[in-house]
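Peer 1: Let me begin by handing over the structure; questions about it come next.
The values are calculated or read from the model by the stated rules, or taken from the named source; none is laboratory data. Note that this is a predicted model, so its numbers are computed, not measured. Note: ideal-geometry Cβ built from the backbone for every residue, glycine included; neighbour counts use all protein chains shown.
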């Protein structure tokens, strides 16, 4: 794809996401860990959204958008590679449905984080909270469908350990993120803002490794790329030989028999008689 291997997409997405998190955290630390206007009474640790609502907001929007859009492109690329046979094909219509739903909800999650970064917590607190929920729900549901698809693929292609590894990585993400999200909500309800802020940073950091986990899924495509290139070269060479043979006045006709001239001479052999 444009001279870049598909595995680069999830790698790039995860690195941009991680760079965004580190950038926001370092800005807050560099500025002396300030107490922003958006922070609650008694809160000393800033949420990601608190830092993102400051003058660094344009960078927050840009990096969040680049990360999630490139990840969604990676999911679409994975679907295409399975369809084209570069990755192990889906074995049922249900698997294809789960794959498509995975992409759909990832797009919903991407829209959530992009809108969340635009409608910051300082100027649009209510909308910001809604888009935060959309972001989390979108990617968790997307991961569930991805997990189901890979579980079925791993069952059908039991000899491929990489599918089982991918399944367990995604399952770990779902269980961990859902548990942390519940704890995050519970801490907010009891006004434990600092612990909730720490959990938010941890949840976002774990999301980095979820994005990176799709790097594993593209590894088999590295090998099939060269395999298909050889097959294509052989097919092109055979087609070229056929054209050269016809140009020189002979070619294989029906049932592998040679014919002379541009027209097929059915039943006539090149040498000898019947």
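Peer 1: Is one or more of the residues making up segment 155-164 at pLDDT 95 or above and part of a helix (DSSP H, G or I)?
Peer 2: Among the residues of segment 155-164, not one is at pLDDT 95 or above and part of a helix (DSSP H, G or I), which makes the answer no.
Peer 1: Moving on to the next point. With respect to residue 137, is the statement that it is touching a helix residue (DSSP H, G or I) at 6+ places or on another chain (Cβ under 7 Å), assigned to a helix (DSSP H, G or I) and closer than 19 Å to residue 116 by Cβ true?
Peer 2: So residue 137 does not fit the description; no.
Peer 1: Looking at (1) closer than 23 Å to residue 206 by Cβ; (2) part of a loop (DSSP other than H, G, I, E, B), can you tell me which one residue 42 breaks?
Peer 2: Going through the list (1) closer than 23 Å to residue 206 by Cβ; (2) part of a loop (DSSP other than H, G, I, E, B), residue 42 breaks only (1).
Peer 1: Sticking with this one: What tally of residues in segment 48-77 results from selecting those that are in a loop (DSSP other than H, G, I, E, B) and surrounded by fewer than 20 Cβ atoms within 10 Å (Cβ to Cβ)?
Peer 2: 3
Peer 1: Would you check which residues across segment 7-22 are free of Cβ contacts under 8 Å to residues at least 24 places away in the same chain and within 25 Å of residue 56 (Cβ to Cβ) and list them?
Peer 2: Those that are free of Cβ contacts under 8 Å to residues at least 24 places away in the same chain and within 25 Å of residue 56 (Cβ to Cβ): 15, 22.
Peer 1: Would you check which residues across segment 10-33 are in a helix (DSSP H, G or I) and more than 30 Å from residue 79 (Cβ to Cβ) and list them?
Peer 2: Correct list: 22, 23, 24, 25, 26, 27, 28, 29, 30.
Peer 1: Among the residues of segment 34-47, is there at least one that is under 20 Å from residue 142 (Cβ atoms) and surrounded by 22 or more Cβ atoms within 10 Å (Cβ to Cβ)?
Peer 2: Looking through segment 34-47, none of the residues is under 20 Å from residue 142 (Cβ atoms) and surrounded by 22 or more Cβ atoms within 10 Å (Cβ to Cβ).
Peer 1: Being in a helix (DSSP H, G or I), within 18 Å of the chain's Cα centre (by Cα) and closer than 23 Å to residue 14 by Cα narrows it down to one residue among 199, 171; which is it?
Peer 2: 171
Peer 1: Give the residue, chosen from 80, 94, that is modelled with pLDDT under 95, touching a helix residue (DSSP H, G or I) at 6+ places or on another chain (Cβ under 8 Å) and assigned to a helix (DSSP H, G or I).
Peer 2: Answer to the selection: 94.
Peer 1: Go through 113, 130 for me and flag whichever is assigned to a helix (DSSP H, G or I), at pLDDT 95 or above, surrounded by fewer than 17 Cβ atoms within 10 Å (Cβ to Cβ) and over 15 Å from the mean Cα position of the chain (by Cα).
Peer 2: 130
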